[in-house]
Each structure stands twice: as C-alpha cells, then as structure tokens.
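Worksheet: the structure to be examined is printed underneath.
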Amino acid sequence: MVGSAIIRKLNSIGNCNIITAERKDLDLTNQLSVNTFFKENPIDVVILAAAKVGGIHANNTKPADFIYENLMIEANIIFASYQNRINDVLFLGSSCIYPKNTQQPMSEESLLSGFLEPTNEPYAIAKIAGIKLCESFNRQFSTNYRSLMPTNLYGPNDNFHPMDSHVVPALIGKFHNATKKGEKEVIVWGSGRPRREFLHVDDLASASIFFLSLSDLEIANHTTPMNSHVNVGTGKDYSISELAEIIANSTGFEGNIIFDTEMPDGTLRKLLDVTKMKDLGWSYSIPLDEGIDETYSWFKQNISKLRGFN
Ligand code: GFB
C-alpha cells in the first residue's frame with residue numbers, strides 16, 4: 001500500500017528513475033539477496049516502505065513474525081545502503097513506537113519513556129530499532145538516514161482481510177459484505193471507545209517526498225542526533241465507534257453495529273503531535289470521510305483480486 005502510493009507520487013512528479021523490488025523477486029529478509037540487489041542496481045536514494053504489517057489481531061497472535069521479519073528487513077536494507085555508499089535513506093515506522101500511557105498527543109520526545117502497548121510490542125520494538133539503526137549510522141558515518149513515523153494508514157492496495165488487517169480496511173470489507181447480503185448486524189471488535197488517528201496513504205506519500213526534499217539544516221533544526229524521527233498524521237482522532245458510523249454511511253449499511261468486547265481494544269488513544277511536520281511546512285490534505293469514500297470505490301473496483309473476497 002505505502003510503496004505503490006509513493007510510486008504514484010514520484011510518477012506524478014517525474015524526473016526520476018524508480019527501481020522497485022517486489023516480494024516475489026527479492027526476499028528482503030535474506031541478506032545475501034539484498035546485498036546482490038544493491039550491488040546490481042544504481043541506487044541514489046532508498047525509501048524503505050516494506051514491512052511485515054497487520055492489525056491488532058495479527059500483531060497479537062504472530063509476534064515472532066512481526067519482530068523477526070521487520071528487524072531483518074531494516075538491518076539488511078540499512079546496512080546494504082551504507083555498504084553501497086548510498087547517503088539518503090527514508091525509513092518509515094509507526095505511531096505504535098510510543099509508550100502506551102504517554103501524554104496525548106504523542107510528541108517525538110516521548111519515545112522510550114515508558115512501557116509499550118502489549119498487543120504490538122514486538123512490532124514496535126522492531127520499528128524503534130529501525131530508527132536507532134538510522135541514527136547510529138548517521139552518528140558514526142555521517143549518513144543522511146531519515147525516519148518518519150506515520151499514524152494508522154489506509155487507502156488503495158490495503159489488506160482488507162477480515163482477520164489480519166487494520167480497522168479501516170477490515171470494517172470496509174465487513175460493512176460491504178453485510179450491505180450486499182442484507183445482513184442486519186456488523187460485529188466491530190473491542191468496546192468502540194479506543195481513539196485512533198487515520199491518514200490516507202497518498203498523504204503519507206506526499207509527506208515522504210516532502211521530507212526527503214528538506215535540507216540537512218532544516219532537519220537538524222527540528223531534530224537531534226538521538227531523537228531524529230518526525231511524526232506524520234492529521235492531528236485529529238476518532239473513536240472506533242465514530243469510525244464505524246463513517247464507514248457504515250460510506251457503504252450504505254443501515255443495520256446495527258455490535259461491539260465484541262472479547263476482542264482487544266489495544267491502546268486507548270493514539271494521537272500524534274504533528275507540530276514538527278507542520279513547522280517544517282507539511283500538512284495533510286485528505287479528510288477522513290473523503291478518503292474512506294475513495295478507498296471504498298477502489299475496494300469495489302478491485303474486489304475480485306482481494307484476499308478474503310475472491
Ligand atoms: O487498526 P487496528 O488493528 O490497530 O485496531 P491498532 C484499531 C482498533 O480498532 C482496536 C478496533 O481497538 C480494534 O479492536 N477494531 C474494531 C478492529 N473492529 C476491528 C476489526 O474488524 N479489525 C481490526 N483490525 N480492528 C496496530 C498495531 O494497532 O496499529 C500495528 O497492531 C500498527 O502494530 C498499527 O502499529 C498502525 O491501532 O490497535
């Protein structure tokens with residue numbers, strides 16, 4: 001989802017040769033394959049959009065996959081970038097790096113100030129390691145490895161599977177199915193009370209290219225060598241029950257929304273402090289209801305190709 005959005009954005013700007021590595025062609029967890037790929041391709045800038053990702057249930061039930069695959073991908077790519085004298089890397093993390101009970105909205109400085117949310121601790125540890133890899137190479141070798149921490153993302157090419165996806169695509173799939181089948185109920189996990197901030201992936205793509213285009217001085221004025229990551233979000237959050245209403249409206253569902261409190265809520269609130277990104281000159285542009293309508297249109301056009309729907 002993130003990689004394809006960044007490619008759309010780069011193509012709209014033009015003037016650059018995009019080299020991609022799809023999963024079927026390159027196993028990023030394999031160091032030898034990654035090293036060979038880097039040696040064989042003339043790369044100036046690396047955008048690390050690849051990751052093992054999933055929603056609360058996937059993170060909670062497959063912790064080994066989430067920590068192992070993400071650590072391997074990050075270590076292989078960042079080290080190969082260094083070995084091949086690539087000076088510019090953009091690493092993409094996640095808002096789950098911040099402590100479960102930290103002050104909201106969450107500032108970059110709250111990193112490593114408390115315990116993590118247990119449902120995604122292994123994934124968060126891997127993403128924190130990614131930031132620290134970038135910082136450590138910068139500190140030791142004067143590289144220019146930058147890190148952006150996006151809030152919960154959604155958009156075209158997301159995973160809409162009912163069990164292992166994030167909440168936005170999961171609910172688009174569930175509400176769509178219920179509406180088509182004339183069902184009277186949709187089950188939404190948890191209490192409906194947790195609050196989340198949602199960013200359309202095209203906004204993240206625009207933020208990523210903007211962030212890469214900033215000068216070293218602009219970055220240095222807003223970060224420190226050991227707190228170098230910058231948040232990307234909207235600065236606005238919604239309860240899961242509000243989100244369910246928005247998706248019900250978008251999909252035309254008129255039945256009842258039932259909350260399954262046997263399923264985990266996860267962290268109660270996750271809202272990013274986006275002051276730094278605003279001060280640097282970037283703000284989001286796609287409002288949630290508009291982004292959900294657009295994503296639902298994409299979903300309907302592509303449903304026959306989607307895992308869990310074909
Ligand atoms: O999107 P989500 O899985 O991720 O869940 P997290 C957000 C909230 O939506 C939780 C509720 O309170 C869920 O219980 N929810 C309601 C649902 N219905 C559903 C549903 O059908 N599917 C899903 N998935 N959730 C993830 C992390 O946490 O956030 C990842 O596990 C990553 O590591 C990602 O960082 C951004 O926001 O709780």
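Please go through the range 54-85 and give me each residue that is within 8 Å of the ligand (Cβ to nearest atom) and either in contact with a helix residue (DSSP H, G or I) (Cβ under 7 Å, 6 or more places away or on another chain) or within 10 Å of Asn120 (Cβ to Cβ) (or both), ordered by number.
Gly54, Gly55, Ile56, Ala58, Asn59, Asn60, Phe66
Kindly establish whether Asp88 is away from the ligand (no atom under 14 Å from the Cβ), in contact (Cβ under 8 Å) with a residue 60 or more places away in the chain and among the acidic types (Asp, Glu). Lay out the reasoning, then the answer.
On the way: away from the ligand (no atom under 14 Å from the Cβ): yes; in contact (Cβ under 8 Å) with a residue 60 or more places away in the chain: yes; among the acidic types (Asp, Glu): yes.
In short, yes.
Out of the residues in the range 102-136 that are in a helix (DSSP H, G or I) and of a type in the set (A, V, I, L, M, F, W, C), which is nearest to the ligand (Cβ to nearest atom)? Can you show your working first?
Initial filter on the range 102-136 (in a helix (DSSP H, G or I)): 108-110, 118-136.
If we keep only those that are of a type in the set (A, V, I, L, M, F, W, C) too, we end up with 124-126, 128-129, 131, 133-134.
Working: Ala124: 7, Ile125: 11, Ala126: 10, Ile128: 12, Ala129: 14, Ile131: 14, Leu133: 18, Cys134: 18 Å.
By that ranking, first place goes to Ala124.
Restricting the search to the range 170-221, which residues are under 15 Å from Asn256 (Cβ atoms), touching a Phe, Trp or Tyr at 6+ places or on another chain (Cβ under 8 Å) and assigned to a loop (DSSP other than H, G, I, E, B)?
Within the range 170-221, Gly192 is the sole residue that qualifies.
Kindly establish whether Ile13 is buried (at least 18 other Cβ atoms within 10 Å of the Cβ), of a type in the set (A, V, I, L, M, F, W, C) and either touching a strand residue (DSSP E or B) at 6+ places or on another chain (Cβ under 6 Å) or in contact (Cβ under 8 Å) with a residue 60 or more places away in the chain (or both).
On the way: buried (at least 18 other Cβ atoms within 10 Å of the Cβ): no; of a type in the set (A, V, I, L, M, F, W, C): yes; either touching a strand residue (DSSP E or B) at 6+ places or on another chain (Cβ under 6 Å) or in contact (Cβ under 8 Å) with a residue 60 or more places away in the chain (or both): yes.
For Ile13, the condition - buried (at least 18 other Cβ atoms within 10 Å of the Cβ), of a type in the set (A, V, I, L, M, F, W, C) and either touching a strand residue (DSSP E or B) at 6+ places or on another chain (Cβ under 6 Å) or in contact (Cβ under 8 Å) with a residue 60 or more places away in the chain (or both) - is not met.
Among what's in the range 78-107 and is under 18 Å from the mean Cα position of the chain (by Cα) and over 21 Å from Arg196 (Cβ atoms), pick the residue that is surrounded by the fewest Cβ atoms within 10 Å (Cβ to Cβ). If you could, list the steps in order and put the result at the bottom.
Start the filter on the range 78-107 by keeping residues that are under 18 Å from the mean Cα position of the chain (by Cα), which leaves 89-100, 105-107.
Filter again for over 21 Å from Arg196 (Cβ atoms), leaving 89-91.
On the way: Val89: 24, Leu90: 20, Phe91: 26.
In this case the residue turns out to be Leu90.
Contact list please: Cβ distance under 8 Å, first residue in the range 146-160 and in a strand (DSSP E or B), second residue of a type in the set (Phe, Trp, Tyr), pairs at least six apart or on different chains.
Partner pairs satisfying both residue conditions: Arg146/Phe91; Arg146/Phe211; Ser147/Phe91; Leu148/Phe91; Leu148/Phe211; Asn152/Phe198; Leu153/Phe198; Tyr154/Phe198.
Of all the residues that make up the range 1-35, how many are modelled with pLDDT of 95 or more and within 25 Å of Asn152 (Cβ to Cβ)?
Residues flagged as modelled with pLDDT of 95 or more and within 25 Å of Asn152 (Cβ to Cβ) within the range 1-35 amount to 13.
If you take the residues of the range 256-267 that are within 18 Å of Ile172 (Cα to Cα) and out of contact with any Gly (no Cβ under 9 Å at 6 or more places or on another chain), which of them is farthest from the ligand (Cβ to nearest atom)?
Asn256
Enumerate the pairs (first residue in the range 171-186 and within 10 Å of the ligand (Cβ to nearest atom); second residue anywhere and modelled with pLDDT of 95 or more and of a type in the set (D, E, K, R)) with beta-carbon separation below 8 Å, excluding pairs fewer than 6 apart on the same chain, so at least 6 apart or on different chains.
That search, which allows pairs on different chains as well, returns Val186/Lys174.
Within the range 137-153, which residues are near the ligand (Cβ under 10 Å from one of its atoms), hydroxyl-bearing (Ser, Thr, Tyr) and surrounded by fewer than 21 Cβ atoms within 10 Å (Cβ to Cβ)?
Correct list: empty.
Does the range 276-291 include one or more residues that are on the phi < 0 side of the Ramachandran plot, out of contact with any helix residue (DSSP H, G or I) (no Cβ under 9 Å at 6 or more places or on another chain) and in a helix (DSSP H, G or I)? So that I can check it myself, show each step before the final result.
The first filter runs over the range 276-291 and keeps only residues on the phi < 0 side of the Ramachandran plot, leaving 276-280, 282-291.
In the following step, the residues that additionally are out of contact with any helix residue (DSSP H, G or I) (no Cβ under 9 Å at 6 or more places or on another chain) were identified as 278, 287, 290.
Narrowing further to those that are in a helix (DSSP H, G or I): 278, 290.
Yes, the range 276-291 has at least one match.
Tell me, yes or no, whether the range 91-101 has at least one residue that is within 26 Å of Pro162 (Cβ to Cβ), assigned to a strand (DSSP E or B) and within 16 Å of the ligand (Cβ to nearest atom).
Yes, that holds for at least one residue.
The values are calculated or read from the model by the stated rules, or taken from the named source; none is laboratory data. Values in this document were obtained by computation on a predicted structure and should not be read as measured data. With ideal geometry, Cβ positions are generated from the backbone for all residues, glycine too; neighbour counts draw on all protein chains shown.
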